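Participant: I have a structure here, written as structure tokens, and I will follow up with some questions on it.
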Amino acid sequence: MLRYPKLILLLLLFAFTVKAQKPAPGLGEPVTVKQDTIFKLYASQGLFDPKERAQIVSKRISDIISRLDFNPDSLILKNDSAISTINYKSQLIMAVNNADAKFSELDRPQLAANYLNILKKHLGNVFENDSAKDIIISVLEAIAVVFVLLLLIWLVNRAFRWIKLKVLKAWESRIVKLEQQGAPVSYANRVLPLLTNSLRVVRLLVIILLVYLALPVAFLIFPWTKPIATQLLGYVINPVKSILLGILHYIPNLLTIAVIYLVTRYIVKLVKFIAGEIENGAITIKSFYPEWAKPTYNIVRVLLYAFMFVAIFPYLPGSDSKIFQGVTVFLGILFSLGSSSAISNMVAGLVITYMRPFKIGDRVKVGEITGDVVEKNLLITRIRTIKNEDITVPNSTILGGAVTNYTSSSKNLGLILHTSITIGYDAPWETIHRLLIDAALATEGILAEPKPFVLQTDLNDFNVTYQLNAYTKLSHKMAVMYSTLHQQIQDKFNEAGVEIMSPHYTALRDGNTIQIPDDYKPKDYQKPGFKVEKEGESLKVKAERQKLAKGN
């Protein structure tokens, strides 16, 4: 009996090893379907331990039984030299290796076939027993979704009806206030339909959004419509996801743009501060006039912002797109073709700014237009005449013509007002000079120093042209001062009994009365008659002729 002790020992060791490899009760990881355990896995496979394997297989089984076209007979077994696989059509369900067979009394192909039979039997029962119940539950859930949708639509309609009533009430109270203030209400009545239609459109958009969001929820209830639900949700989620990811990826560029903008903005503020100090006289620069400060600041600001845009452009979303670049070129061409006159006016505005022919408030004459400059920018200059007419003149027109500035020298040198009259040769020129200068000094606004002066500008056929020149600092009162000066000239000459021969005419001094108003004539003045004497005529005839002339 003890003849073969080694053989007996080997048999006992083999029996112990086989017994040790059999799974102990309660060990192993369950593969579950609908919370029911159909079998357990004991061995690891690759990088997955038994628990992870069981979870993966359970998930795969749940996925295939939720499919509308599920058929347990489509489960197939494939045996290779190293592993056996159970597939549903072309989808892998689980793999059985040699390590799994060590925990069973069956070999690997037999164990895999056993798993296949268990799956077909159990999954067939689950599909047959639970399909009707699941469909009924799914239908009830879909009905609940529809009910919730109808409830939400009803609440939306009630909410917008309440908002509409509030808007109408507020609008009516506003119209009443406008009527009380005497303001026209026709415009308000035209705007009201726009508001109500806008509310109606917003309400329809909200309802459409609710319906669109309810459809995926309803489709997710039924397993066979889940792909449709996923597709519908993708129409909303994918664009939103793309936008959010685009914003997230764009944050570095956005920070770069923000830094460039902030640096440019503070540089512009610094330039503005310096320009303001120069304009106020706190900072002086040789050969740089204070009135140049503001336009120079505007030019520098435009250049800085243009440089900022050039620096920012590569960081803009879509800046490298051919479409974006093509649209930019197209807009540039349109701008260059359609703004030639505007560009010429802008260039002329810059030239005028640094030429300094006038400034705001100056009395100027541009062509036939005389008035005060009330506005000056890069494109136009606005002039207000003495008749309160605002005339807009393009800067290119000003640059291409002559501009007379009556104000620029009036405060320092004095503006010379000048007017001309014609006096007969019988009046002494010294008297005429004195009368004209007295008339100028009697005019309000005429300066006594420098003293007015007279120029004899022309010797006409029947009279002499005298030009009066007088200084003033009040260039903005030229029209009134000219009128007053002419009145004073008339008064002074009438008081002196000197006739103003304007307009030109001839007079026979032997018979015509003097050409001054009657108030300035002497009380004993008599109109002279014509004295025609003929040699040898009697004194009586001569007297009669004189009497006849006086009667006329």
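Participant: Within segment 326-333, is even one residue exposed (fewer than 12 other Cβ atoms within 10 Å of the Cβ) and under 30 Å from residue 411 (Cα atoms)?
Facilitator: no
Participant: Still on this model: Does segment 432-452 include one or more residues that are in contact with a helix residue (DSSP H, G or I) (Cβ under 7 Å, 6 or more places away or on another chain), at pLDDT below 90 and buried (at least 17 other Cβ atoms within 10 Å of the Cβ)?
Facilitator: Within segment 432-452, none of the residues are in contact with a helix residue (DSSP H, G or I) (Cβ under 7 Å, 6 or more places away or on another chain), at pLDDT below 90 and buried (at least 17 other Cβ atoms within 10 Å of the Cβ).
Participant: Filter segment 66-99 for residues that are touching a strand residue (DSSP E or B) at 6+ places or on another chain (Cβ under 7 Å) and at pLDDT below 85 and give the result.
Facilitator: Scanning segment 66-99 gives a single hit, 74.
Participant: Got at least one residue in segment 469-484 being touching a His at 6+ places or on another chain (Cβ under 6 Å) and not β-branched (Val, Ile, Thr)?
Facilitator: Checked against the condition, which is being touching a His at 6+ places or on another chain (Cβ under 6 Å) and not β-branched (Val, Ile, Thr), segment 469-484 yields at least one hit.
Participant: Can you tell me how many residues in segment 245-273 are β-branched (Val, Ile, Thr) and in contact with a helix residue (DSSP H, G or I) (Cβ under 8 Å, 6 or more places away or on another chain)?
Facilitator: Going through segment 245-273 one residue at a time, the tally reaches 7.
Participant: Condition check: part of a helix (DSSP H, G or I) and either modelled with pLDDT of 75 or more or loosely packed, with under 15 Cβ neighbours inside 10 Å (or both). Does residue 313 satisfy that?
Facilitator: yes
Participant: Which pairs turn up if I take residues in segment 343-372 that are over 20 Å from residue 291 (Cα atoms) and among the small types (Gly, Ala, Ser) and look for partners that are in a helix (DSSP H, G or I) and at pLDDT 85 or above with beta carbon separation below 8 Å, at least 6 apart in sequence or on another chain?
Facilitator: Filtered contacts from segment 343-372: 344/396; 367/397.
Participant: So for segment 441-457 (the condition being of a type outside the set (S, T, N, Q) and part of a helix (DSSP H, G or I)), does at least one residue qualify?
Facilitator: yes
Participant: How many residues does segment 255-295 contain that are out of contact with any Phe, Trp or Tyr (no Cβ under 6 Å at 6 or more places or on another chain), on the phi < 0 side of the Ramachandran plot and either small (Gly, Ala, Ser) or touching a residue at least 40 places away in the same chain (Cβ under 8 Å) (or both)?
Facilitator: 11
Participant: Evaluate segment 186-206: report whether one residue or more is within 30 Å of the chain's Cα centre (by Cα), under 30 Å from residue 66 (Cβ atoms) and either at pLDDT below 85 or in a helix (DSSP H, G or I) (or both).
Facilitator: So far as segment 186-206 goes, no, none of its residues is within 30 Å of the chain's Cα centre (by Cα), under 30 Å from residue 66 (Cβ atoms) and either at pLDDT below 85 or in a helix (DSSP H, G or I) (or both).
Participant: Tell me which of these residue 395 doesn't satisfy, since it passes every other one: (1) within 27 Å of residue 452 (Cβ to Cβ); (2) polar (S, T, N, Q); (3) in contact (Cβ under 8 Å) with a residue 40 or more places away in the chain.
Facilitator: Of everything listed in (1) within 27 Å of residue 452 (Cβ to Cβ); (2) polar (S, T, N, Q); (3) in contact (Cβ under 8 Å) with a residue 40 or more places away in the chain, residue 395 misses just condition (1).
Participant: Is there a residue being within 30 Å of residue 263 (Cβ to Cβ) and either in a strand (DSSP E or B) or modelled with pLDDT of 80 or more (or both) anywhere in segment 366-377?
Facilitator: Scanning segment 366-377, I find at least one residue that is within 30 Å of residue 263 (Cβ to Cβ) and either in a strand (DSSP E or B) or modelled with pLDDT of 80 or more (or both), so the answer is yes.
The values are calculated or read from the model by the stated rules, or taken from the named source; none is laboratory data. Not measured: the values here are computed from a predicted model. Glycine also receives a Cβ, built like all others from the backbone with ideal geometry; neighbour counts cover every protein chain displayed.
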